[in-house]
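Undergrad: Quick one: this structure, given as structure tokens, is what I'll be asking you about.
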Amino acid sequence: MAYISGDRYQLSFFPQSIDEMVPEDDPVRAYDAIIDKIFEEVKPSINYNEKKAGAHEYNPRNMLKVLVYSYSYGFRSSRKIERALYHNLSYIWISGGIKPDHWTISDFRRQNIRLIKEVLKSCARLCIKLNLIEGNVLFVDGSKFRADASISNTWNAERCESEMKRVSKKIEILMDECEKADSEETGEAYVKLKDALRNAQ
């Protein structure tokens with residue numbers, strides 16, 4: 001039987017940028033656009049780590065994009081997010097290629113927890129406002145907004161308010177889960193080979 005095998009060493013005729021490798025209809029692009037719109041409208045205030053005075057901070061907009069995208073797909077652990085930033089193309093794309101370690105990710109969440117909650121709520125409001133719920137675009141709590149054929153006609157102010165209360169409760173639970181995940185995990189994220197393993201190859 002003839003098998004189809006990949007070839008990681010095969011050169012492509014046209015060199016690709018990261019942007020070209022992510023399809024135009026990939027959901028990650030919706031998250032990117034939504035966070036950009038929120039930043040333009042709200043201009044959120046970011047808390048920085050004063051202990052890192054003199055060091056360059058990662059762009060807070062990129063960090064928020066990474067966290068919102070992660071939490072939406074069920075990633076709670078900062079170590080898992082760190083690994084994804086090395087190995088997952090969608091993460092590499094939405095982060096712009098930055099690779100903060102898990103300590104930096106965890107610190108950013110703790111220092112900006114109120115902001116993150118508000119951004120997640122703003123994401124939900126924006127999706128309802130733009131009728132993006134029909135396209136299953138936003139995942140706030142690991143479960144997508146459920147849509148039906150007549151949803152755009154049934155989302156009145158009362159229903160929106162009810163949904164936002166549900167989302168707010170889910171976000172509180174989400175933040176607790178993130179803190180628990182980070183407190184339970186120890187050690188490195190193992191995004192790179194140890195010298196002994198690398199030399200043994």
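Undergrad: Spot the failing condition for I81; the list is (1) in contact with a His (Cβ under 8 Å, 6 or more places away or on another chain); (2) modelled with pLDDT under 85, and only one is missed.
TA: (2)
Undergrad: When you scan the stretch 57-100 for helices (runs of 4 or more DSSP H) that lie fully inside it, which ones turn up with 3 or more residues that are over 24 Å from K180 (Cα atoms)?
TA: Of the helices (runs of 4 or more DSSP H) lying wholly inside the stretch 57-100, those with at least 3 residues that are over 24 Å from K180 (Cα atoms) span 89-95.
Undergrad: Can you find, within the stretch 49-78, the residue that is modelled with the highest pLDDT among those that are over 15 Å from the mean Cα position of the chain (by Cα) and either within 14 Å of I113 (Cα to Cα) or among the hydrophobic types (A, V, I, L, M, F, W, C) (or both)?
TA: Taking the candidates together, the pick is N49.
Undergrad: For the stretch 7-29, state whether one or more residues are crowded, with 16+ Cβ neighbours inside 10 Å, under 23 Å from A124 (Cβ atoms) and modelled with pLDDT of 90 or more. I'd like the intermediate steps shown before the answer.
TA: Quick first cut of the stretch 7-29, residues crowded, with 16+ Cβ neighbours inside 10 Å only: 22, 27-29.
After this cut, where a residue has to be under 23 Å from A124 (Cβ atoms) as well, the list is 27-29.
Narrowing the set further to residues that are modelled with pLDDT of 90 or more leaves 28-29.
So far as the stretch 7-29 goes, yes, one or more of its residues are crowded, with 16+ Cβ neighbours inside 10 Å, under 23 Å from A124 (Cβ atoms) and modelled with pLDDT of 90 or more.
Undergrad: Write out, first by first residue and then by second, each pair whose Cβ atoms fall under 6 Å of each other, whose residues are 6+ apart or on separate chains, and whose first residue, in the stretch 15-42, is touching a residue at least 60 places away in the same chain (Cβ under 8 Å) while the second is in a loop (DSSP other than H, G, I, E, B) and buried (at least 17 other Cβ atoms within 10 Å of the Cβ).
TA: Qualifying pairs under 6 Å: A30/V137.
Undergrad: Going by the structure shown, is A189 within 17 Å of T104 (Cβ to Cβ) and either modelled with pLDDT under 90 or out of contact with any strand residue (DSSP E or B) (no Cβ under 7 Å at 6 or more places or on another chain) (or both)? Lay out the reasoning, then the answer.
TA: Details: within 17 Å of T104 (Cβ to Cβ): yes; either modelled with pLDDT under 90 or out of contact with any strand residue (DSSP E or B) (no Cβ under 7 Å at 6 or more places or on another chain) (or both): yes.
Judged against the criteria, A189 is a match.
Undergrad: If you don't mind, there's one more thing I want to ask. Would you check if L138 is under 13 Å from the mean Cα position of the chain (by Cα) and at pLDDT 90 or above?
TA: Working: under 13 Å from the mean Cα position of the chain (by Cα): yes; at pLDDT 90 or above: no.
Judged against the criteria, L138 is not a match.
The values are calculated or read from the model by the stated rules, or taken from the named source; none is laboratory data. Quick caveat: nothing in here was measured; it's all calculated off a predicted structure. Neighbour counts are summed over all protein chains in view; Cβ atoms, including those assigned to glycine, are modelled from backbone coordinates with ideal geometry.
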